[in-house]
Structure formats: C-alpha cells, structure tokens
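S.K.: Following this message is one structure expressed as structure tokens.
FYI, it's all coordinate maths here, none of it is from the lab. Since this is a predicted model, take the numbers as computed values, not measurements. Neighbour counts run over all protein chains shown; Cβ positions are idealised from the backbone, glycine included.
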Amino acid sequence: MFLEKNKYNITLILDFDGVIVNSVDKLRQIYGDVIRKQNIFITSDDFDYLDGKDINYIEKHIKENYSVKKSISFKKIFDKKYMSLYNKVKLMDGIKDVIKLANKNNWKLVINSAAKKKYITLVLNRYKLSKYFSYIQAGKTKHSPISYLNIKNKINSSYYIVIDDNDKSILSAQKADCLTLYFSDKNIKVGDGQFHSMNELLIKLLELSSQQKLQFSFLTSDINLQLSPMKCNDVDEKQWNKLKREKKYVYDGPVILVHNFKVNNKKISLGCCPSTYKYFLLGQQKNWLSVAVQGILQNKKGQYLIGKRSEKVINEPNKWEFVPSGALSKIDMTFAEEQLKTELLEETNNEIPKNDSITWFAITVSERTLDLCGFFKKKYNLTPCPTEEYQFFDWVSLKKLPKNIDWTEASNLIIPLLNLQSKRIRK
C-alpha cells in the first residue's frame with residue numbers, strides 16, 4: 001500500500017546555524033574574540049572556509065596555519081562560549097512556520113550540522129521543537145557528499161531537499177544527488193534555487209516541484225487564482241503534427257497554466273494564464289503546470305468514492321483515483337467548485353444539489369499538473385454508474401484501503417493528506 005511503502009515522500013535536510021538559529025554573526029564574533037586573544041587575526045575568507053567544519057578540524061586548521069601554542073585547547077574555550085551562545089540564541093524568523101508546515105504535510109525533517117549535538121538539542125528543547133525532527137547528524141563536516149549520502153542511507157525517502165546557507169555544503173549535497181535550496185543574500189548561482197527569507201522557501205519548493213517533476217503536496221485552505229497573462233509563443237506546426245501521428249490520444253484544447261507562486265500570510269496565490277494543450281506540450285516554458293481540480297466525496301459511512309479509469313483514457317489508464325476530477329478551464333475558484341459538480345455528473349451519472357459547496361484543503365503537484373483538492377461539504381449515498389471515463393467504482397475507508405491498488409500519481413499524494421486531515425478532526 002502506498003502509505004506503508006512510501007510514507008515520507010519528501011525529506012527536508014536543514015542546516016542549523018543560519019537556517020534554524022540566528023547564530024552566524026555571533027559565531028563569527030566568538031571566533032574573532034578567541035583568536036585575537038592569541039594575537040591572531042583570522043580573515044573573513046578563512047572564517048567562511050571554516051564555516052561548516054567540525055570543531056576538531058577548526059582547531060587543527062588554526063594551529064597549522066597560525067602561530068599558536070600547540071598546548072592550547074581551543075575546544076574547551078569554544079565550548080564554554082558556545083554553551084553561552086546557544087542558551088540565548090533566537091530562532092530565524094519564520095523557521096517555526098516551515099517546521100510546522102513540514103510536520104503538517106508528513107515531510108520528514110533532518111538536521112545536518114557541524115555543531116555538536118548537545119548544542120542543537122539544547123535549542124530544540126528550549127523551543128519545544130525536538131519532536132519534529134527524525135534524525136540529527138551533528139559534529140561532522142558538511143563539505144563532503146559523504147555527509148548527505150549517510151543521511152540518505154538512514155532515511156528512506158523519494159526526494160531529499162537540502163536547505164543551507166553555505167555554498168560549499170550546497171555543492172556537496174548536489175554531488176550526493178540531493179535537490180538544494182541556497183539561503184543567502186549573495187548573488188551566487190549555486191544549487192537548484194535561492195531564497196532570502198523563510199516566506200520565500202515555500203515558493204522555491206513549489207518551483208522545484210515543477211522544474212524537477214517532483215511529486216509534492218501540502219495542506220492549505222486559502223487558495224487564490226490570479227489572472228497573470230504571459231506571452232505564449234507559436235508552436236511549430238510540423239512538430240505538433242508529428243506528435244499527433246506518434247501519439248493518437250494527443251489533442252488540442254484550452255488549458256489553464258500556472259507560471260508563478262506567491263505566499264502572503266499563509267495564503268497561496270497562483271499566477272495563471274489561459275493557454276492551449278498544444279502549447280503546454282510543445283511550448284518553451286517546460287516548467288509551467290496545468291491546473292486541475294480534484295474532488296473528495298464521502299458517503300454517510302465516511303467512505304470515499306474512488307473509480308478505476310478506463311483503458312481508453314489519455315492519461316494513466318486502468319489506474320484508480322478519487323472521483324470526481326478534471327482539468328480546470330477557467331481562472332476562478334467559484335467556477336472550480338461548479339466544475340467539480342459538473343465532473344461528478346459526467347463521470348458517475350449522479351447529480352448533487354447546487355447549493356452544496358467545496359472546502360478546499362490541499363494542493364498537489366505530480367509531473368506537470370497542479371491539483372486543487374477540495375471536499376464536498378455534504379455526504380451522499382450515491383450509486384455511480386460506469387461511464388466512458390471509468391470502468392467501475394467503489395467506496396473505501398482510509399483504514400481499509402484495498403491493497404495492491406495502482407493509484408494515479410495525484411491520488412497517491414492525496415492519501416497521506418486525508419490521513420492527516422482525519423487525525424486532526426479526531427483530535
């Protein structure tokens with residue numbers, strides 16, 4: 001079953017200093033104070049080089065490159081000052097929201113830091129964040145792919161996303177085949193994306209999902225579609241005709257494309273423009289996503305309606321999915337509600353009252369499609385009939401999902417979200 005086989009679709013690997021806690025300037029000050037007492041002046045470049053190294057390496061580097069007595073133990077001096085720092089250090093603005101968002105969406109959280117584990121646990125316990133982290137790799141250099149390969153060996157996940165403020169760590173993570181997001185104000189082109197605040201992080205995760213064909217999902221009840229026209233260049237007709245000959249199911253028609261994301265006070269705004277399926281397949285903007293709607297319908301027993309797609313449909317034939325669903329054809333959330341009711345009628349030959357409404361609860365991204373997911377507020381004991389789109393239907397509970405079902409990609413992502421929703425409702 002999907003939930004057992006792939007419980008954690010995404011693992012976020014977070015740096016500690018400079019990502020979770022606002023400590024980098026203070027660490028730089030500590031290095032400077034300790035070194036200056038030995039009449040040594042460490043350069044800014046050398047500090048950047050030592051950033052991300054463990055304390056043993058730092059002591060060895062200083063003794064080898066500066067005139068320092070070999071008998072001096074920098075570790076003891078640093079340890080005392082570090083304990084004082086981490087007893088008072090503050091969290092980075094917005095990091096709590098990122099951590100809670102990850103927990104809300106069943107993402108696994110890992111810390112990878114050169115800092116000692118006792119400093120990290122001290123901070124996490126003080127801010128009551130320990131429960132959110134599954135694994136802490138501490139006291140080791142991050143400037144090697146081995147650091148990230150070790151985490152991948154311990155944590156089973158589909159995607160690993162490293163978030164760090166050190167460019168050398170980002171490069172090492174890339175060599176370990178991780179997706180990377182660089183947290184910095186520097187204009188350095190490194191990693192798969194760069195962000196300047198925690199508010200931008202969610203946007204970058206969404207962008208990564210489209211660029212890397214990442215399967216991605218998160219809970220949100222505040223979704224806004226905004227008309228944001230973009231120029232769509234003409235498509236080569238020869239290419240289009242060739243594609244139609246090679247794939248007989250290909251057709252042209254209207255489609256809504258998402259090309260940018262904005263987050264404001266936890267409200268997700270999607271910049272959309274009307275386009276055509278032809279441009280979506282062959283246009284130059286390969287990172288744009290088509291928008292679809294996914295309805296979640298329950299009966300009075302609390303079971304969910306699912307259907308097995310026809311073997312003749314274009315996408316994902318013979319796979320199971322939640323019913324109803326369909327491509328969005330107008331940039332309007334009210335219209336999206338009406339479209340789900342229309343899809344239900346067309347797909348099951350059942351009509352529901354027009355005054356029923358949809359409660360939007362999540363967004364999922366799979367391949368190049370972004371699904372707006374919503375519950376029908378009322379519950380119905382419908383008897384769906386097979387149609388051109390579905391071979392047959394079933395009502396299922398989350399606790400007793402049929403084993404070995406071949407789900408569509410979108411439904412695969414929705415299952416853990418429904419589990420999270422039901423747990424929250426029970427609480």
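S.K.: Any chance you could give the angle, 0 to 90 degrees and rounded to 10, that helix 198-211 forms with the longest Cα principal axis of the chain?
M.R.: 60
S.K.: So which residue, out of Lys131, Lys140, Lys204, gets the largest mean-square fluctuation from a GNM of the chain using Cα contacts under 10 Å as springs?
M.R.: Answer for the Gaussian network model of the chain: Lys131.
S.K.: Cα gyration tensor of the stretch 262-370, axes a ≥ b ≥ c as square roots of the eigenvalues: rounded (a/c below 1.5), prolate (a/b > b/c) or oblate? Working shown, then result.
M.R.: Working: a/c = 1.85, a/b = 1.27, b/c = 1.46.
Oblate.
S.K.: In a shell of Cβ-Cβ distance under 13 Å around Met333, excluding Met333 itself, what net charge do Lys and Arg (+1) and Asp and Glu (-1) give?
M.R.: After counting each charged neighbour, the total is -2.
S.K.: Taking every eigenvalue of the Cα gyration tensor of the chain, multiplying by 5 and rooting it, what semi-axes result, largest first, whole Å?
M.R.: Working: eigenvalues 471, 114, 65 Å².
Result for the chain: semi-axes of 49, 24, 18 Å.
S.K.: What does the helix-only formula give at 222 nm for the chain: each DSSP H stretch with n ≥ 4 adding -39500 (n - 2.57), the total divided by the residues, and the result rounded to the nearest 500 deg cm²/dmol?
M.R.: Helix contribution divided over all residues of the chain: -11000 deg cm²/dmol.
S.K.: As an exercise, identify the trypsin sites (Lys or Arg not before Pro) in the stretch 83-117 lying in DSSP coil whose Cβ has no more than 14 other Cβ atoms within 10 Å. Walk me through the intermediate numbers first.
M.R.: On the way: sites: Lys88, Lys90, Lys96, Lys100, Lys104, Lys108, Lys116, Lys117; in loops: Lys90, Lys116.
Passing sites in the stretch 83-117 are Lys90.
S.K.: Let me ask something else. Mind sorting Tyr380, Tyr390, Tyr182 by how few other Cβ atoms lie within 10 Å of their own Cβ, fewest first?
M.R.: Working: Tyr380 15, Tyr390 21, Tyr182 25.
Going from sparsest to densest Cβ surroundings: Tyr380, Tyr390, Tyr182.
S.K.: Something else: For helix 145-154, report the angle its Cα long axis makes with the longest principal axis of the Cα atoms of the chain; keep it between 0 and 90° and round to the nearest 10°.
M.R.: The answer is roughly 50 degrees.
S.K.: Follow-up. Rounding to the nearest 10 and keeping the result within 0 to 90°, find how far the Cα-based axis of helix 55-65 lies from the longest principal axis of the chain.
M.R.: Approximately 50 degrees, to the nearest ten.
S.K.: Count charges around Ala410 for me, please; just the other residues with Cβ under 11 Å from its Cβ, Lys/Arg as +1, Asp/Glu as -1.
M.R.: Values: positive: Lys319; negative: Glu316, Glu321, Glu367, Asp371, Glu409.
Local charge sum for Ala410: -4.
S.K.: Quick one: compute the contact order of the chain, relative version, from alpha carbon pairs under 8 angstrom and 6+ residues apart, as a percent.
M.R.: Dividing the mean separation by the residue count of the chain yields 15 percent.
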